[in-house]
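For reference, the structure is listed below as C-alpha coordinates.
The values are calculated or read from the model by the stated rules, or taken from the named source; none is laboratory data. Since the model is a prediction, treat every value here as computed from it, not as a measurement. Here the Cβ is made from the backbone with ideal geometry for all residues, glycine too, and neighbour counts use every protein chain on show. The area values use the complete protein model at the heavy-atom level, side chains included, leaving out ligands, DNA and RNA. Shrake-Rupley method; radii C 1.70, N 1.55, O 1.52, S 1.80 Å.
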Amino acid sequence: MRLVSTLRTPAVIVQRPVVARNLTRMADRAQARGLALTPHIKTHKNSGLARWQVESGAAGIMVSKLGEAAAMLAGGLPHQFIGYPLIGPQQEARLAALVAQGLKPRVAVDSEEGVVLVEHVSAGTGVTIPVMVEVDTGFHRCGLEDVDAVRRLAEFARTRGIPVQGITCFGGHISHRSDPAEIIRLVQAESEILARMRDSLERAGFADLVVSEGGTVPAGYLDAVTAATEIRPGTYIFNDVAIVKAGAATWDDCAAQVLAEVVSTPAATRAVIDAGSKTLAGDGPIDESFGYIVERPDLKIERISEEHGVVVRRDGGPTGLKVGDRVHVVPNHVCTMINLHDQVVLADGDTIVGTLAIEARGTVR
Ligand SMILES: Cc1ncc(COP(=O)(O)O)c(C=O)c1O
(Lines give C-alpha, C1' and ligand atoms only; values in the text may rest on other atoms or scores of the structure.)
Protein backbone atom coordinates (compact mmCIF):
# COMPACT_ATOMS: atom_id res chain seq x y z
CA MET A 1 0.00 0.00 0.00
CA ARG A 2 1.47 3.35 -1.06
CA LEU A 3 1.03 6.32 1.22
CA VAL A 4 0.66 10.01 0.40
CA SER A 5 3.12 10.78 3.18
CA THR A 6 5.88 8.93 1.28
CA LEU A 7 5.40 10.79 -2.02
CA ARG A 8 8.02 13.02 -3.55
CA THR A 9 6.95 16.63 -3.44
CA PRO A 10 5.48 18.76 -4.74
CA ALA A 11 2.49 16.59 -5.60
CA VAL A 12 -1.16 17.30 -6.22
CA ILE A 13 -3.37 15.13 -4.03
CA VAL A 14 -7.06 14.74 -4.79
CA GLN A 15 -9.08 13.29 -1.94
CA ARG A 16 -11.58 10.86 -3.44
CA PRO A 17 -14.10 10.95 -0.55
CA VAL A 18 -14.22 14.76 -0.75
CA VAL A 19 -14.82 14.65 -4.52
CA ALA A 20 -17.59 12.10 -3.95
CA ARG A 21 -19.25 14.37 -1.40
CA ASN A 22 -18.92 17.46 -3.59
CA LEU A 23 -20.44 15.69 -6.60
CA THR A 24 -23.33 14.21 -4.65
CA ARG A 25 -24.12 17.46 -2.89
CA MET A 26 -24.28 19.49 -6.10
CA ALA A 27 -26.32 16.82 -7.91
CA ASP A 28 -28.78 16.66 -4.99
CA ARG A 29 -29.03 20.44 -4.85
CA ALA A 30 -29.74 20.70 -8.58
CA GLN A 31 -32.23 17.86 -8.48
CA ALA A 32 -34.11 19.34 -5.51
CA ARG A 33 -34.73 22.45 -7.61
CA GLY A 34 -35.44 20.68 -10.88
CA LEU A 35 -32.30 22.12 -12.49
CA ALA A 36 -30.23 20.27 -15.06
CA LEU A 37 -26.60 19.99 -13.97
CA THR A 38 -23.96 20.37 -16.70
CA PRO A 39 -20.56 20.61 -15.00
CA HIS A 40 -17.71 22.45 -16.70
CA ILE A 41 -14.82 20.00 -16.98
CA LYS A 42 -12.14 22.66 -17.42
CA THR A 43 -11.53 22.36 -13.68
CA HIS A 44 -10.26 18.77 -13.84
CA LYS A 45 -9.76 17.94 -17.56
CA ASN A 46 -10.06 14.22 -16.83
CA SER A 47 -12.63 12.00 -18.55
CA GLY A 48 -12.91 9.60 -15.62
CA LEU A 49 -14.00 12.42 -13.33
CA ALA A 50 -16.37 13.68 -16.04
CA ARG A 51 -17.95 10.22 -16.29
CA TRP A 52 -18.26 10.16 -12.51
CA GLN A 53 -20.09 13.50 -12.69
CA VAL A 54 -22.51 12.08 -15.26
CA GLU A 55 -22.99 8.88 -13.25
CA SER A 56 -23.79 10.97 -10.18
CA GLY A 57 -26.53 12.99 -11.84
CA ALA A 58 -25.12 15.40 -14.44
CA ALA A 59 -27.03 15.67 -17.71
CA GLY A 60 -23.88 16.20 -19.79
CA ILE A 61 -20.72 18.25 -19.58
CA MET A 62 -19.48 21.66 -20.65
CA VAL A 63 -16.10 22.24 -22.28
CA SER A 64 -14.33 25.41 -23.41
CA LYS A 65 -11.96 24.53 -26.20
CA LEU A 66 -12.22 21.85 -28.89
CA GLY A 67 -9.10 20.17 -27.48
CA GLU A 68 -11.08 19.52 -24.31
CA ALA A 69 -14.00 18.31 -26.41
CA ALA A 70 -11.75 15.82 -28.21
CA ALA A 71 -10.30 14.48 -24.95
CA MET A 72 -13.74 14.06 -23.39
CA LEU A 73 -15.16 12.43 -26.53
CA ALA A 74 -12.26 9.96 -26.50
CA GLY A 75 -13.17 9.29 -22.88
CA GLY A 76 -16.73 8.31 -23.81
CA LEU A 77 -18.56 11.60 -23.27
CA PRO A 78 -20.40 12.59 -26.49
CA HIS A 79 -22.93 15.02 -24.99
CA GLN A 80 -21.10 18.32 -24.65
CA PHE A 81 -21.95 21.98 -24.40
CA ILE A 82 -19.13 23.90 -26.09
CA GLY A 83 -18.97 27.23 -24.29
CA TYR A 84 -16.12 28.99 -26.06
CA PRO A 85 -16.82 30.95 -29.28
CA LEU A 86 -15.97 28.84 -32.35
CA ILE A 87 -14.80 31.08 -35.13
CA GLY A 88 -13.06 30.50 -38.48
CA PRO A 89 -12.44 27.68 -40.95
CA GLN A 90 -10.01 25.75 -38.75
CA GLN A 91 -12.46 25.50 -35.86
CA GLU A 92 -15.20 24.63 -38.31
CA ALA A 93 -13.17 21.73 -39.72
CA ARG A 94 -12.22 20.51 -36.26
CA LEU A 95 -15.80 20.63 -35.02
CA ALA A 96 -16.98 18.77 -38.14
CA ALA A 97 -14.35 16.07 -37.57
CA LEU A 98 -15.43 15.62 -33.95
CA VAL A 99 -19.10 15.45 -34.93
CA ALA A 100 -18.21 12.81 -37.52
CA GLN A 101 -16.55 10.88 -34.66
CA GLY A 102 -19.75 10.98 -32.61
CA LEU A 103 -19.70 14.28 -30.75
CA LYS A 104 -23.24 15.53 -30.00
CA PRO A 105 -22.62 19.18 -29.22
CA ARG A 106 -24.58 22.28 -28.57
CA VAL A 107 -22.64 25.44 -29.09
CA ALA A 108 -22.66 28.89 -27.45
CA VAL A 109 -22.83 31.73 -29.96
CA ASP A 110 -22.84 35.50 -29.68
CA SER A 111 -22.21 36.37 -33.33
CA GLU A 112 -23.60 35.64 -36.76
CA GLU A 113 -20.19 34.20 -37.66
CA GLY A 114 -20.63 31.66 -34.88
CA VAL A 115 -24.09 30.69 -36.13
CA VAL A 116 -22.86 30.32 -39.71
CA LEU A 117 -20.06 28.03 -38.54
CA VAL A 118 -22.64 25.81 -36.84
CA GLU A 119 -24.80 25.91 -39.97
CA HIS A 120 -21.88 24.74 -42.12
CA VAL A 121 -20.98 21.91 -39.76
CA SER A 122 -24.62 20.80 -39.51
CA ALA A 123 -24.96 20.80 -43.28
CA GLY A 124 -21.66 19.02 -43.82
CA THR A 125 -22.23 16.28 -41.27
CA GLY A 126 -26.02 15.91 -41.45
CA VAL A 127 -26.14 16.30 -37.65
CA THR A 128 -28.43 18.96 -36.20
CA ILE A 129 -26.42 21.15 -33.82
CA PRO A 130 -28.41 23.50 -31.58
CA VAL A 131 -27.04 26.81 -30.42
CA MET A 132 -27.28 28.62 -27.09
CA VAL A 133 -27.20 32.40 -27.44
CA GLU A 134 -24.70 33.82 -24.97
CA VAL A 135 -25.89 36.82 -22.99
CA ASP A 136 -23.94 39.19 -20.78
CA THR A 137 -25.22 39.39 -17.22
CA GLY A 138 -22.54 41.77 -15.96
CA PHE A 139 -19.17 40.06 -16.44
CA HIS A 140 -18.64 41.93 -19.71
CA ARG A 141 -16.66 39.15 -21.34
CA CYS A 142 -18.47 37.40 -24.21
CA GLY A 143 -22.25 37.55 -24.61
CA LEU A 144 -24.73 40.10 -25.87
CA GLU A 145 -25.99 42.67 -23.41
CA ASP A 146 -28.84 44.13 -25.40
CA VAL A 147 -32.12 42.21 -25.32
CA ASP A 148 -32.93 43.09 -28.96
CA ALA A 149 -29.49 41.97 -30.11
CA VAL A 150 -30.09 38.61 -28.41
CA ARG A 151 -33.46 38.26 -30.15
CA ARG A 152 -32.00 39.27 -33.50
CA LEU A 153 -29.23 36.67 -33.25
CA ALA A 154 -31.75 33.98 -32.29
CA GLU A 155 -33.91 34.98 -35.27
CA PHE A 156 -30.84 34.87 -37.50
CA ALA A 157 -30.18 31.29 -36.35
CA ARG A 158 -33.83 30.40 -37.00
CA THR A 159 -33.69 31.75 -40.56
CA ARG A 160 -30.60 29.58 -41.16
CA GLY A 161 -32.41 26.50 -39.87
CA ILE A 162 -30.36 26.23 -36.68
CA PRO A 163 -32.36 25.31 -33.54
CA VAL A 164 -32.05 27.80 -30.68
CA GLN A 165 -32.02 25.67 -27.57
CA GLY A 166 -31.78 28.56 -25.16
CA ILE A 167 -29.62 31.26 -23.63
CA THR A 168 -26.45 30.95 -21.63
CA CYS A 169 -24.33 33.19 -19.43
CA PHE A 170 -21.33 33.12 -17.16
CA GLY A 171 -21.46 35.49 -14.23
CA GLY A 172 -17.73 35.72 -13.59
CA HIS A 173 -18.25 39.10 -11.92
CA ILE A 174 -19.99 37.21 -9.09
CA SER A 175 -17.22 34.66 -8.54
CA HIS A 176 -14.53 36.64 -6.73
CA ARG A 177 -16.67 38.21 -4.01
CA SER A 178 -16.73 37.47 -0.34
CA ASP A 179 -19.81 39.36 0.88
CA PRO A 180 -22.81 36.99 0.79
CA ALA A 181 -25.32 39.87 0.62
CA GLU A 182 -23.56 41.28 -2.42
CA ILE A 183 -23.34 37.85 -4.06
CA ILE A 184 -27.06 37.29 -3.52
CA ARG A 185 -27.85 40.71 -4.99
CA LEU A 186 -25.74 39.98 -8.09
CA VAL A 187 -27.22 36.50 -8.56
CA GLN A 188 -30.71 37.97 -8.31
CA ALA A 189 -29.80 40.67 -10.83
CA GLU A 190 -28.45 37.97 -13.14
CA SER A 191 -31.71 36.04 -12.81
CA GLU A 192 -33.69 39.16 -13.74
CA ILE A 193 -31.57 39.72 -16.86
CA LEU A 194 -31.97 36.09 -17.89
CA ALA A 195 -35.74 36.25 -17.37
CA ARG A 196 -35.96 39.39 -19.50
CA MET A 197 -33.96 37.77 -22.31
CA ARG A 198 -36.03 34.57 -22.12
CA ASP A 199 -39.34 36.49 -22.18
CA SER A 200 -38.24 38.46 -25.23
CA LEU A 201 -37.34 35.25 -27.08
CA GLU A 202 -40.63 33.64 -26.10
CA ARG A 203 -42.51 36.63 -27.48
CA ALA A 204 -40.59 36.09 -30.72
CA GLY A 205 -41.91 32.53 -30.87
CA PHE A 206 -39.06 30.53 -29.32
CA ALA A 207 -40.33 27.84 -26.95
CA ASP A 208 -38.99 25.38 -24.37
CA LEU A 209 -35.87 27.45 -23.85
CA VAL A 210 -33.03 26.25 -21.69
CA VAL A 211 -31.78 29.06 -19.47
CA SER A 212 -28.22 28.17 -18.52
CA GLU A 213 -26.16 29.77 -15.79
CA GLY A 214 -22.54 29.02 -14.91
CA GLY A 215 -20.43 29.13 -11.82
CA THR A 216 -19.84 27.40 -8.49
CA VAL A 217 -20.51 30.58 -6.53
CA PRO A 218 -24.06 31.17 -7.89
CA ALA A 219 -24.67 27.43 -7.46
CA GLY A 220 -23.91 27.94 -3.78
CA TYR A 221 -26.70 30.52 -3.55
CA LEU A 222 -29.44 28.65 -5.41
CA ASP A 223 -32.28 30.43 -3.58
CA ALA A 224 -31.37 33.50 -5.64
CA VAL A 225 -31.20 31.54 -8.91
CA THR A 226 -34.76 31.98 -10.16
CA ALA A 227 -34.63 31.97 -13.97
CA ALA A 228 -32.15 29.20 -14.80
CA THR A 229 -33.21 25.74 -15.87
CA GLU A 230 -29.61 24.53 -15.99
CA ILE A 231 -26.50 25.22 -13.89
CA ARG A 232 -22.91 24.70 -14.99
CA PRO A 233 -20.55 24.79 -12.01
CA GLY A 234 -17.00 23.59 -12.62
CA THR A 235 -14.83 24.37 -9.61
CA TYR A 236 -17.24 22.67 -7.17
CA ILE A 237 -15.66 19.26 -7.83
CA PHE A 238 -12.48 20.38 -6.01
CA ASN A 239 -13.20 23.89 -4.65
CA ASP A 240 -10.42 26.37 -3.83
CA VAL A 241 -9.59 29.46 -1.78
CA ALA A 242 -11.77 31.75 -3.94
CA ILE A 243 -14.81 29.49 -3.53
CA VAL A 244 -14.34 29.24 0.25
CA LYS A 245 -13.95 33.03 0.50
CA ALA A 246 -17.22 33.41 -1.43
CA GLY A 247 -18.99 31.23 1.13
CA ALA A 248 -19.82 28.50 -1.40
CA ALA A 249 -17.66 25.79 0.25
CA THR A 250 -15.62 25.12 3.39
CA TRP A 251 -11.96 24.17 3.76
CA ASP A 252 -13.09 20.58 4.30
CA ASP A 253 -14.64 20.66 0.81
CA CYS A 254 -11.31 21.46 -0.86
CA ALA A 255 -10.51 18.14 -2.52
CA ALA A 256 -7.35 19.06 -4.46
CA GLN A 257 -4.35 20.19 -2.47
CA VAL A 258 -0.65 20.54 -3.15
CA LEU A 259 1.59 18.56 -0.84
CA ALA A 260 4.74 20.67 -0.46
CA GLU A 261 7.94 20.37 1.55
CA VAL A 262 9.98 22.98 3.35
CA VAL A 263 13.32 23.13 1.52
CA SER A 264 14.90 26.10 3.27
CA THR A 265 14.53 28.13 6.46
CA PRO A 266 17.00 30.97 5.87
CA ALA A 267 15.54 33.01 8.74
CA ALA A 268 13.37 32.13 11.73
CA THR A 269 10.64 34.28 10.24
CA ARG A 270 10.87 32.83 6.71
CA ALA A 271 10.56 29.35 5.24
CA VAL A 272 10.60 28.27 1.62
CA ILE A 273 8.44 25.46 0.21
CA ASP A 274 9.02 23.62 -3.06
CA ALA A 275 5.80 24.90 -4.64
CA GLY A 276 5.77 28.13 -6.63
CA SER A 277 3.92 29.42 -9.64
CA LYS A 278 4.76 26.29 -11.71
CA THR A 279 2.98 24.13 -9.15
CA LEU A 280 0.32 26.33 -7.54
CA ALA A 281 -0.33 28.70 -10.49
CA GLY A 282 0.03 32.43 -9.98
CA ASP A 283 -3.54 33.47 -9.22
CA GLY A 284 -3.99 35.83 -6.36
CA PRO A 285 -2.92 36.72 -3.81
CA ILE A 286 -6.09 36.14 -1.82
CA ASP A 287 -5.93 37.15 1.85
CA GLU A 288 -2.33 38.18 1.08
CA SER A 289 -1.41 34.57 0.28
CA PHE A 290 -0.81 32.39 -2.79
CA GLY A 291 -2.70 29.51 -1.21
CA TYR A 292 -4.15 28.35 2.10
CA ILE A 293 -1.83 26.28 4.27
CA VAL A 294 -4.15 23.70 5.78
CA GLU A 295 -2.05 22.76 8.81
CA ARG A 296 -1.09 26.35 9.61
CA PRO A 297 -3.66 29.06 8.80
CA ASP A 298 -1.47 31.44 10.80
CA LEU A 299 1.05 31.28 7.95
CA LYS A 300 0.80 32.71 4.45
CA ILE A 301 2.64 32.20 1.18
CA GLU A 302 3.73 35.77 0.85
CA ARG A 303 5.61 35.45 -2.43
CA ILE A 304 6.09 32.89 -5.15
CA SER A 305 8.68 32.45 -7.82
CA GLU A 306 8.55 29.60 -10.29
CA GLU A 307 9.65 26.82 -7.92
CA HIS A 308 9.66 28.56 -4.54
CA GLY A 309 6.93 29.63 -2.16
CA VAL A 310 8.07 32.04 0.53
CA VAL A 311 6.17 31.37 3.75
CA VAL A 312 5.90 33.81 6.65
CA ARG A 313 3.75 34.06 9.73
CA ARG A 314 0.85 36.47 9.34
CA ASP A 315 1.89 38.28 12.52
CA GLY A 316 5.55 38.40 11.47
CA GLY A 317 6.74 35.97 14.15
CA PRO A 318 8.90 32.84 13.73
CA THR A 319 7.31 30.29 11.38
CA GLY A 320 8.25 27.29 13.52
CA LEU A 321 8.81 25.33 10.30
CA LYS A 322 11.84 23.07 9.85
CA VAL A 323 13.50 21.84 6.67
CA GLY A 324 11.70 18.65 5.65
CA ASP A 325 8.34 19.63 7.17
CA ARG A 326 5.39 19.00 4.89
CA VAL A 327 2.27 21.09 4.41
CA HIS A 328 -0.88 20.84 2.29
CA VAL A 329 -1.80 23.93 0.29
CA VAL A 330 -5.28 24.69 -1.07
CA PRO A 331 -4.69 26.64 -4.30
CA ASN A 332 -6.26 30.03 -4.84
CA HIS A 333 -7.61 28.90 -8.21
CA VAL A 334 -7.72 25.13 -8.62
CA CYS A 335 -8.46 25.12 -12.38
CA THR A 336 -5.22 26.84 -13.38
CA MET A 337 -3.31 24.77 -10.81
CA ILE A 338 -4.56 21.45 -12.23
CA ASN A 339 -3.69 22.55 -15.78
CA LEU A 340 -0.02 22.69 -14.76
CA HIS A 341 0.18 18.99 -13.95
CA ASP A 342 0.39 15.88 -16.16
CA GLN A 343 -1.16 13.75 -13.47
CA VAL A 344 -2.44 14.01 -9.94
CA VAL A 345 -2.66 11.48 -7.13
CA LEU A 346 -6.03 10.16 -6.06
CA ALA A 347 -6.13 9.36 -2.35
CA ASP A 348 -8.37 8.32 0.48
CA GLY A 349 -6.77 9.98 3.48
CA ASP A 350 -3.13 8.90 3.47
CA THR A 351 -3.78 5.91 1.20
CA ILE A 352 -3.05 6.34 -2.50
CA VAL A 353 -5.87 4.79 -4.51
CA GLY A 354 -4.80 5.79 -8.03
CA THR A 355 -3.53 8.45 -10.36
CA LEU A 356 -5.53 10.71 -12.66
CA ALA A 357 -4.05 11.82 -15.97
CA ILE A 358 -4.96 15.42 -16.78
CA GLU A 359 -5.86 14.36 -20.29
CA ALA A 360 -6.90 17.74 -21.63
CA ARG A 361 -4.08 19.59 -19.94
CA GLY A 362 -2.85 22.52 -21.99
CA THR A 363 -5.60 22.28 -24.61
CA VAL A 364 -5.91 25.98 -25.26
CA ARG A 365 -6.94 25.44 -28.89
C1 LIG B 1 -18.72 29.60 -19.49
C2 LIG B 1 -18.44 29.04 -18.14
N3 LIG B 1 -19.34 28.26 -17.55
C4 LIG B 1 -19.13 27.69 -16.35
C5 LIG B 1 -17.96 27.93 -15.65
C6 LIG B 1 -17.75 27.29 -14.33
O7 LIG B 1 -17.58 28.22 -13.31
P8 LIG B 1 -16.84 27.89 -11.93
O9 LIG B 1 -15.45 27.53 -12.28
O10 LIG B 1 -16.98 29.13 -11.12
O11 LIG B 1 -17.55 26.76 -11.32
C12 LIG B 1 -17.00 28.79 -16.22
C13 LIG B 1 -15.75 29.09 -15.51
O14 LIG B 1 -14.88 29.79 -15.95
C15 LIG B 1 -17.24 29.34 -17.50
O16 LIG B 1 -16.34 30.14 -18.11
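Karplus-based coupling profile of segment 254-270, in residue order and whole Hz: 8, 7, 10, 10, 8, 8, 10, 10, 6, 10, 7, 10, x, 9, 4, 8, 9, with θ = phi - 60° in 6.51 cos²θ - 1.76 cosθ + 1.60 and x standing for Gly or Pro.
Estimated from helices alone, the mean residue ellipticity of the chain at 222 nm is -9500 deg cm²/dmol (sum of -39500 (n - 2.57) over DSSP H runs with n ≥ 4, per residue). Here the accessible area of the chain is 50 percent carbon and sulfur, with a 1.4 angstrom probe and all protein chains present. How far, in degrees from 0 to 90, does helix 112-125 lean away from the longest principal axis of the Cα atoms of the chain, to the nearest 10? Roughly 80 degrees, rounded to the nearest 10.
Computed from Cα positions, the angle between helix 180-203 and the longest principal axis of the chain comes to roughly 20 degrees.
Look at where the Cα atoms of segment 24-81 and of segment 234-274 average out, and the two centres are 25 Å apart. Among the trypsin sites (Lys or Arg not before Pro) in segment 93-192, those located in a DSSP loop and surrounded by at most 13 other Cβ atoms within 10 Å of their own Cβ are Arg141. The angle between the Cα long axis of helix 89-100 and the longest principal axis of the Cα atoms of the chain comes to about 90 degrees, rounded to the nearest 10.
For the cross-link pairs Lys245/Lys278; Lys278/Lys322; Lys42/Lys322, which exceed 31 Å when the distance is taken from alpha carbon to alpha carbon?
Lys42/Lys322
Compared with the alpha-carbon gap, the fully stretched path from Ala32 to Glu145 is longer by 37.6 nm at 0.36 nm per residue. Within the same chain, aspartates and glutamates fewer than 8 places from Lys300 are excluded, and of the rest, those with a Cα less than 17 Å from its Cα are Asp240, Glu261, Asp274, Asp283, Asp287, Glu288, Asp315, Asp325.
Placing dummy labels 7 Å off each Cα toward the beta-carbon, the span from Gln90 to Lys278 is 2.7 nm. May I ask you to work out the translational diffusion coefficient for the chain at 25 °C, viscosity 0.890 mPa s, via Stokes-Einstein with Rh from the Kirkwood sum over Cα pairs, reported in whole µm²/s? Here the translational diffusion coefficient equals 115 µm²/s. For segment 1-94, what does the alpha-carbon gyration tensor say about shape, rounded, prolate or oblate, given a ≥ b ≥ c as the root eigenvalues, a/c under 1.5 as rounded, and a/b over b/c as prolate? Judged from the Cα gyration tensor, segment 1-94 comes out oblate (a/c at least 1.5, b/c at or above a/b). In the context of the full set of protein chains, segment 36-111 has a per residue accessible area of 35 Å² (1.4 Å probe). In plain terms, the bigger the Kirkwood radius, the slower the diffusion; for segment 243-365, with that radius from Cα pairs, at 4 °C and 1.567 mPa s, Stokes-Einstein puts D at 86 µm²/s. Protein-only accessible surface at a 1.4 angstrom probe places the residues His44, His333 in the order His333, His44, largest first. Taken one residue at a time, the phi angles of segment 336-349 give Karplus couplings (6.51, -1.76, 1.60, θ = phi - 60°) of 6, 5, 4, 5, 8, 10, 5, 8, 10, 9, 9, 9, 10, x Hz. Gly and Pro are set to x. Rounded to 0.05, the FRET efficiency of the Asp223 and Arg21 pair, given R0 = 25 Å and the Cβ-Cβ distance, is 0.75.
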